[in-house]
1. Label SER17 and ILE95 with points 7 Å out from Cα along Cα→Cβ: what is the distance between them in nm?
2. Looking at the range 16-64, I'd like the Rg to Rh ratio, where Rg is from alpha-carbon atoms and Rh is Kirkwood's inverse mean 1/r.
3. Arrange the residues ILE88, ILE179 by how much accessible surface each exposes, largest first, with a 1.4 angstrom probe.
Amino acid sequence: MNSNIDLKKLERKAWTSYFDDGLFDLMFAIILITSVIRTVTDNAWFTLMMFSGVIIYILGKRFITVPRLGRVKFSSERVERQSKLTIILGIVFLITIGILVLSLQFDLPSLLSSIIMSIFIIVVFGIFSYLLEFNRMIIYGIMFAVSEGISGFYGETAGTYANLVFGIIAFCIACSYLIRFISNYPLPGKEVANAH
């Protein structure tokens, strides 16, 4: 019984270590900051730049995280959670489209649409935070929801400033986690070299 508990603790520690690299935080920061640039410049090309956060996340995992932590085969229970997450992502996409269609169809006030979307964002990020056991995600969900609410209450310009502030905060958090991660988990070759 104790060995099962210890294995679960070790697995959870290995799982949460993958979020200690700050790469998700960096991706979120880039998405927010590039959305600000997109709004200010009114240049559609910056919409594509928002996807650079996803690319940096994938490359960062490949060249920073995996070389330091290795690849871990997780339990079927945790794999099942990831499968549920994929299904939820699909549902979230459909609901988001539905909210946008309803707001256009019934000409909902922007304030009401923002409130509905803000609540929806917090719920979704909360579910993701629970399934991924990644507590910081709920903080980013709140940031995202507050920014959406500010846009509804005070207009797009105020929402843009909110995105900029939250983006800078997320970027600072990302840098602190990434620097600490690289320090705590040196590359295997460097670790041996330092020992000598």
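The values are calculated or read from the model by the stated rules, or taken from the named source; none is laboratory data. Treat the numbers as computed from the prediction; the structure is a model and nothing was measured. Reconstructed Cβ throughout: ideal geometry from the backbone, glycine too, with neighbour counts over all protein chains shown. Note: areas computed on protein heavy atoms with side chains; ligands, DNA, RNA excluded. Shrake-Rupley method; radii C 1.70, N 1.55, O 1.52, S 1.80 Å.
1. Once both label points are built, they end up 3.4 nm from each other.
2. On the way: Rg = 12.2 Å, Rh = 11.3 Å.
Rounded to two decimals, Rg/Rh equals 1.08.
3. The ranking, largest first, comes out as ILE179, ILE88.
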